[in-house]
Amino acid sequence: LLGLDRAFDIQPVVLLHAYAGAGKSSTAAEFTRWYQVTGGLDHPDYPDWPGAVLWSSFEHHNGADRVVGAAGDYFSGLLEANGIAWTAVTSPAQHRDVVMQVLAQVPVLWVWDNVEPVTGFPEGAPSDWTTAEQDDLRSLLRDLAQGTRCKVVVTSRRDEQHWLGDLPARVQLPPM
């Protein structure tokens, strides 16, 4: 948990990697609980803001548009309270724009769990994601890192260097 917290001091996207069954998802879940409870998601202008935690699994095909849509659904009440009818926003580009605006204003911790299938797992296996979809997810991560107050924990069985390059800080979960 300390390693994840320290990694967020230098980078808003952190990749937690280890072998299958090592506890990556459990560690991410405990980190989100701890981070929220200890004030990591506090908003100085809104002391009652509990912070937001989003969780997206990539165990099955889940593209950037779907991930963004789920984030928008989470914030739909906040959007409605501010005069934005989320259900009336129909284009993926508009969805992304609205969600990015929200995430630029409020602190959020977002877990992207089990991303290894995005580029094919095991290594060399075909992926259900097209190259364009893989690029779109990487672009979304980059946009989150550069233009929002969102922090993202990415979990994978490998270090994802070939797909994500230097975008995330990396924390290797030690063996149990």
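The values are calculated or read from the model by the stated rules, or taken from the named source; none is laboratory data. All of these numbers come straight from a predicted model, not from anything done at the bench. Positions of Cβ are generated from backbone atoms using ideal geometry, with glycine treated the same way; all protein chains shown enter the neighbour counts. Each accessible area value is taken on the protein alone, full model and side chains, heavy atoms only, with ligands, DNA and RNA left out. Shrake-Rupley method; radii C 1.70, N 1.55, O 1.52, S 1.80 Å.
Observations on the structure shown:
- Column: log10 I(q)/I(0), Debye, Cα scatterers of the stretch 40-91, q = 0.19, 0.25 Å⁻¹: -0.80, -1.03
- Residue 108 long-range amide H proximity, modeled H, under 5 Å: 150, 151
- Calculated P(r) tail over 15 Å for the stretch 49-141, as whole % of Cα pairs: 61 percent
- Estimated translational D of the stretch 93-176 in µm²/s (Stokes, Kirkwood radius over Cα pairs; 4 °C; 1.567 mPa s): 93 µm²/s
- Entry comment: accessible area of the chain is 51 Å² per residue, from protein heavy atoms only and a probe of 1.4 Å.
- Helix-only [θ]222 nm of the chain, DSSP H runs n ≥ 4, -39500 (n - 2.57) each, per residue, nearest 500: -12500 deg cm²/dmol
- Of all accessible heavy-atom area on the chain, the percent that carbon and sulfur account for (1.4 Å): 52 percent
- At R0 = 41 Å, FRET efficiency that the Cβ-Cβ distance of residue 34 and residue 132 yields, to 0.05: 0.65
- Estimated from the Cβ-Cβ distance and a Förster radius of 25 angstrom, the FRET efficiency linking residue 5 and residue 46 is about 0.65.
- The orientation-averaged shadow of the Cα convex hull for the chain, equal to a quarter of the hull surface, comes to 10.2 nm².
- Contour minus Cα-Cα distance for residue 61 and residue 143 (0.36 nm per residue): 27.4 nm
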